[in-house]
Each structure stands twice: as C-alpha cells, then as structure tokens.
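Report on the following structure.
The values are calculated or read from the model by the stated rules, or taken from the named source; none is laboratory data. Here the structure is a predicted model, which is why all the values come from computation and not from measurement. Cβ: placed from backbone, ideal geometry, glycine included. Neighbour counts: every protein chain shown.
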Amino acid sequence: MSVFNSSVLYPRFLLTGLSGLESTYGLISLPIFLVYAISIAGNITVLFIIRTEPSLHRPMYYFLSMLALTDLGLSTTTFPTMFSVFWFHAREVPFDACLVQMYFIHVFSITESAVLLTMAFDRVIAIREPLRYAAILTNGVIIGIGLAIAGRSLTLVFPASFLLKRLQYRAVNILSYPFCLHQDLIKTTVSSHRISSIYGLLVVICSMGLDSVLLLLSYLLILGTVLSIASKAERVKALNTCISHICAVLTFYTPMIGLSMIHRYGQNASPIVHVLMANVYLLVPPLMNPVVYSVKTKQIRGRILKKFKRQKV
C-alpha cells in the first residue's frame, strides 16, 4: 500500500529523446541549439525593430509583435528540458515541473493560433476597408484583443492541468518526448482519464479548431475582395501583403496536423518519427516566423539592413 501511495503522491517522469541514438546526442544537440539561438535572436530582433521604429507603430506590426512574444515564450518553455536530455542525458523531471511546462506549452500554442487568426482579420480589414483601417484598429482595440487572446489561452488550459493533477500515476512514468505534452501525460495514468481526454479534445476544438475555420473564412473574404479589384497590379499588391502571414499559418498548422495524424494513425511508426514531428511542431514556427517576416516584409527588412549598416559605420 505504501508503494502505491508513493506512486500517486510522488510519481517520477522520464523524458525521452531519440531512442537508440543516445551516443550521438552531443552531435544532435548542435543543430537544436542553433535552432533555438536563431529563434530567440530572430524574434528579439523583430521586437526591437518594431519597438524602435516609429513608422512601424501600426496595427499589423503590433500583431507581429504579439506573434514574436508568443514564439519567444514557446522557445524558452521547451528549452530547459530539451537540453537537459540532449546535453546532460538528464531525463527525470518532477511532476509539478512537468505540469507547469505542459501548461505553458499549450498556452503559447493556443495563443499563437489566436494571434495568427487576429493577423488574418487585420489583413481582411486592410484589404476590404483600407480607408477605415486605422479607425477600426485603434490602440485600445488592439490592447483589448491582446488581453482577450491571453485570457482565453490561460483560462482554457488551466482546468486541464488541474484534472491531470488529480489522476494517479505509476511510480516511474516514461514520456514520449523531451518535453511534457497533455496527450502524452494522459497515456501514463493508471486511473480513468476519460474526463481529461474529453476536456483536452474540447480545448482543441474551441481554440485551434475554431481558429482554423475562421482563418479559412477570412481568406475566402480576402480572395473575394481581391478578385473584385479591376487592376491586376492592385490585385497582386493586395495578395503580396498576405504572403508572410500565409507562410506563418502553414508553418504552424502543417506540423500540428502531421503530429495529430501520427498520433491517430501512426501507431506502428518508429518512436523517432513521433519525436521528430513533435520537435518540428514546437521548434519550426518560432524559427521560421521571424525569418519569413524579415525576408518578405519590406519595411522590416529595410530597417534591419539599416541597423546593420549603421553598426558597420
């Protein structure tokens, strides 16, 4: 009985890197570190450029700042356990720490989905109502949107952590990834997790599921408006303002769908495939978003080049 109580009160959780490749972790950690370094430096650069350039103090760039802050949060949340596994082969993580990491990973993921949706609405207003754009998206409205996004994410995920805390676990629980995810923690329980599973599904439907539908509707509105423009040059110009955002949406949703498909249909797939897809889902968006916006957005690209030229002089 004492052993059972110990497993309930003080369960141990072991993270998993790339099974069978432990001897190459030192080499594998180098590109992972490079991804984190570029992600953090890139998002900080985007924030710095927007903060210091008055000409970029516009709704589109405020929403981009929200995206950069979200990506920074996602990177710093997964960084500690990722490197404890690949650099130090330290797999064990306390249960409460695992719950905290799981909470913030899902909070930032839901936040990123909401920010991408908001950026789509921003493009809808800019293309459909260009003369009223500044009047609609005032600073007060933008602050309200940001608070609503944060409030939704924090509120939706909290009950999931509370429900997991109430479940029973084995004395030693092996997770599938080098970080803690809700769907992974549920698999390790020895008590019924039906409520937790249902709630987790509802969270996904009410956040990313709803956001993806609204994103699609937003781009249908954009496409309809663009096609109604008589001038071909104006149509191309309008669509060009959406390219960076489309890339960001694809970068976020493609790995997420791939990971979901593997969880649903890839039971016979190698564990390495599962780990790689989860890493791509959490590492690629924070890496690619600042790169895409720096390359494709003329205003940001120009300001970055201007800053580098000043430093060389």
Show me the helices (runs of 4 or more DSSP H) found entirely inside segment 202-313 where at least 3 residues are within 28 Å of Gly42 (Cα to Cα) and in contact (Cβ under 8 Å) with a residue 12 or more places away in the chain. 210-227, 243-265, 271-296, 298-312
Here is a list: Ser39, Ser65. Which entry is within 30 Å of Pro159 (Cβ to Cβ) and in contact with a Ser or Thr (Cβ under 8 Å, 6 or more places away or on another chain)? Ser39
On the given criteria, is Phe13 buried (at least 17 other Cβ atoms within 10 Å of the Cβ) and either at negative phi or of a type in the set (Gly, Ala, Ser) (or both)? yes
If you take the residues of segment 216-261 that are more than 20 Å from Ile110 (Cβ to Cβ) and among the small types (Gly, Ala, Ser), which of them is surrounded by the fewest Cβ atoms within 10 Å (Cβ to Cβ)? Ala230
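In segment 40-74, which residues are polar (S, T, N, Q) and at pLDDT below 95?
Within segment 40-74, Thr45, Thr52, Ser55 meet the criteria.
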For segment 262-282, state whether one or more residues are in contact with a helix residue (DSSP H, G or I) (Cβ under 8 Å, 6 or more places away or on another chain), surrounded by 19 or more Cβ atoms within 10 Å (Cβ to Cβ) and at pLDDT 95 or above. no
Which ones in segment 164-187 are among the aliphatic types (A, V, I, L, M), out of contact with any strand residue (DSSP E or B) (no Cβ under 8 Å at 6 or more places or on another chain) and assigned to a loop (DSSP other than H, G, I, E, B)? Leu181
Which residues, counting only those in segment 82-134, are of a type in the set (Asp, Glu) and either without any contact (Cβ under 8 Å) to a residue 12 or more places away in the chain or outside any helix (DSSP H, G or I) (or both)? Glu92, Asp96, Glu129
Looking at (1) under 18 Å from Tyr61 (Cα atoms); (2) within 20 Å of the chain's Cα centre (by Cα); (3) loosely packed, with under 14 Cβ neighbours inside 10 Å, which one does Gly144 not meet, given that it meets all the others? (2)
Just wondering, is there one or more residues in segment 64-82 that are among the hydroxyl-bearing types (Ser, Thr, Tyr), more than 17 Å from the chain's Cα centre (by Cα) and surrounded by fewer than 21 Cβ atoms within 10 Å (Cβ to Cβ)? no
Suppose the filter is more than 19 Å from Leu259 (Cα to Cα) and modelled with pLDDT of 95 or more; does Leu223 pass it? no
